[in-house]
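S.K.: Below: one structure in structure tokens.
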Amino acid sequence: MSDILAIYPGSFDPITNGHLDLIERGRRLFDQLIVAVLTNLEKQPLFTVAERVEMLQEATRGVANVTVDTFGGLLVDYARQKNAQAILRGIRAFTDYEYELQMALMNRKLEPGLETVFLVPAESYTYVSSRLVREIYQLGGSVKGLVPPLVEARLQQKVFVK
Ligand code: PNS
């Protein structure tokens, strides 16, 4: 059987311990995993694409078979360009399911040969999201244990810059 290349797409603004948990699970399942940061976010991000890529690279440094990249436009076009066979997405709770199902089915309509694989992160991360991390940090709360220390340090720099 040929090697399976999967893409784990997302905004990663910023990366959380939940994302890292999923990367670890995904890299054990697939031969190659590309973590792909979406460049054309609709909303104003907290971190630039370059910063998000840097954080992902730092967090996955030395981890075999994981690479970090960026993409714009349709995910299926990017997947085709990379010759990927699968899309990896995480489902934390029932509330994620509807959105994820809709995306998976739409991506299948656009590219029937591409499978979406859902993995469940560790229970301890089921309530962690980038949106809540941004909000908690900006309102002065602690995000310790929710994001890797390198992200905590970057968040502190953001506040100093303001
Ligand atoms: O982490 P997120 O923000 O929930 O990730 C969403 C993402 C990047 C996977 C999704 O918005 C996406 O794939 N965007 C690329 C544009 C695209 O292909 N849209 C159609 C999806 S059915």
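Bear in mind that the values in this text are calculations on the coordinates, not laboratory data. Keep in mind that this is a model prediction, so the values were computed, not measured. Note that we place each Cβ from the backbone using ideal geometry, even for glycine, and neighbour counts take in every protein chain shown.
S.K.: Separation of segment 63-113 and segment 1-27 by C-alpha centroid, Å?
M.R.: Between the Cα centre of segment 63-113 and that of segment 1-27, the gap is 10 Å.
S.K.: Once the convex hull of the alpha carbons of segment 113-154 is built, what does its volume come to per residue, in cubic angstrom?
M.R.: Working: hull volume 4.5 nm³, N = 42.
Dividing the Cα hull volume of segment 113-154 by its residue count gives 107 Å³.
S.K.: Quick check for you: which residues of segment 35-67 have the amide N under 17 Å from the point 7 Å beyond the Cα of Q81 toward its beta carbon?
M.R.: 35-41, 49-50, 53, 67
S.K.: Nearest 5 percent is fine: what portion of the DSSP beta bridges confined to the chain is antiparallel? Walk me through the numbers before you get to the answer.
M.R.: Values: 0 of 20 bridges.
So the antiparallel bridges amount to about 0 percent of the total.
S.K.: When only C-alpha pairs under 8 Å and at least 6 residues apart count, what is the relative contact order of the chain, in percent?
M.R.: That works out to 30 percent.
S.K.: Work out the P(r) tail for the chain: percent of alpha carbon pairs separated by more than 19 Å, whole number.
M.R.: Pairs farther apart than 19 Å: 55 percent.
S.K.: Sorted by packing (mean other beta-carbon atoms within 10 Å per residue), highest first, where do 71-81, 39-49 land?
M.R.: Listed from highest to lowest mean packing, they are 71-81, 39-49.
S.K.: Report the per residue volume, in Å³, of the convex hull enclosing the C-alpha atoms of segment 1-67.
M.R.: 83
S.K.: Can you list residues whose amide H is under 5 Å from L88's amide H, if they're 5+ apart or on another chain and H is modeled 1.01 Å from N?
M.R.: Here I7, Y8, V117 satisfy the definition.
S.K.: Go through segment 48-55 residue by residue and turn each phi into a ³J(HN,Hα) via Karplus (6.51, -1.76, 1.60, θ = phi - 60°); whole Hz please, and just put x for glycine and proline.
M.R.: 5, 4, 4, 5, 5, 5, 4, 5
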